[in-house]
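Have a look at the structure below before the remarks.
FYI, it's all coordinate maths here, none of it is from the lab. Source: prediction; values computed, not measured. Cβ: placed from backbone, ideal geometry, glycine included. Neighbour counts: every protein chain shown.
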């Protein structure tokens, strides 16, 4: 999975108020080949350090001292950054776990943290984060292309290219087309095989009834639905 991590050394921020635990984490993270850009011991300092050092991932004590606890720190950070946060938890309690549902976080580690669990968590979180960033970039490029490319505009205006949304379980909704129509069922047949819970984005070239289609699928943020386009490439599009 390391092929998706930046060639530059990954920057890790450690927010932990127990000096021994912080030192232990710093040693393990460094041995794994990452850079520890800062170690802080309170909530406000953690927020300030994210702004200053722009880390790639944060190890955050959920019960860190200061005027902000770990959950509040995560909420503050996500007001200006999408950096993945991994909570470090000593004594998980129901109230804390319920509060974590209010925010977005990448995972958690139970103390005492072992080298194996830390290495696996860092690798998995960074891999997923890089995939998501690539998908966002692909979607942004697609949106830009859609707005600026005269050929795509022509396709849409002439009713030969189609936008769609949906998922593999509930099926595909194609803008302006009855799902039960021949075009609707054709597009669903082409699109559904590309969708799946582990896919962030997909591009495919498929042939059906003498027509070749280009298909773009991008998973939407925070759910399992997809959206994309189907564009005729060869043959009679009408």
- Task: Answer rounded, prolate or oblate for segment 2-133, using the Cα gyration tensor with square roots of eigenvalues a ≥ b ≥ c: rounded when a/c is under 1.5, else prolate when a/b is larger than b/c, else oblate.
- Result: rounded
- Final fewest-first order of 133, 101 on the 10 Å Cβ neighbour count is 101, 133
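What FRET efficiency do you get for residue 91 and residue 170 if R0 is 41 Å and r is their Cβ-Cβ distance, rounded to the nearest 0.05? Numbers along the way, then the final one.
On the way: r = 41 Å, r/R0 = 1.00.
For residue 91 and residue 170, the calculated efficiency is 0.50.
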- Query: Put a dot 7 Å past each Cα toward the Cβ at residue 136 and residue 123; how far apart are the dots in nm?
  - Reply: 2.5
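Kindly rank 171-183, 70-82 from highest to lowest mean number of other beta carbons found within 10 Å of each residue.
Values: 171-183: 13.9, 70-82: 17.9.
With the highest mean Cβ count within 10 Å placed first, the list reads 70-82, 171-183.
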- Query: Taking a spot 7 Å from the Cα of residue 75 along the direction of its beta carbon, which residues of segment 26-46 have an amide N less than 20 Å from it?
  - Reply: 42-46
- Beta bridge orientation in segment 2-133: antiparallel %, DSSP, nearest 5: 0
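Let a ≥ b ≥ c be the square roots of the eigenvalues of the Cα gyration tensor of segment 44-122; is it rounded (a/c under 1.5), or, if not, prolate (a/b larger than b/c) or oblate? Intermediate results must be reported in sequence, preceding the final value.
Working: a/c = 1.63, a/b = 1.17, b/c = 1.39.
In terms of gyration-tensor shape, oblate.
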- Message: 7 Å from Cα along Cα→Cβ at both residue 116 and residue 53: what's the point-to-point distance in nm?
- Response: 2.8
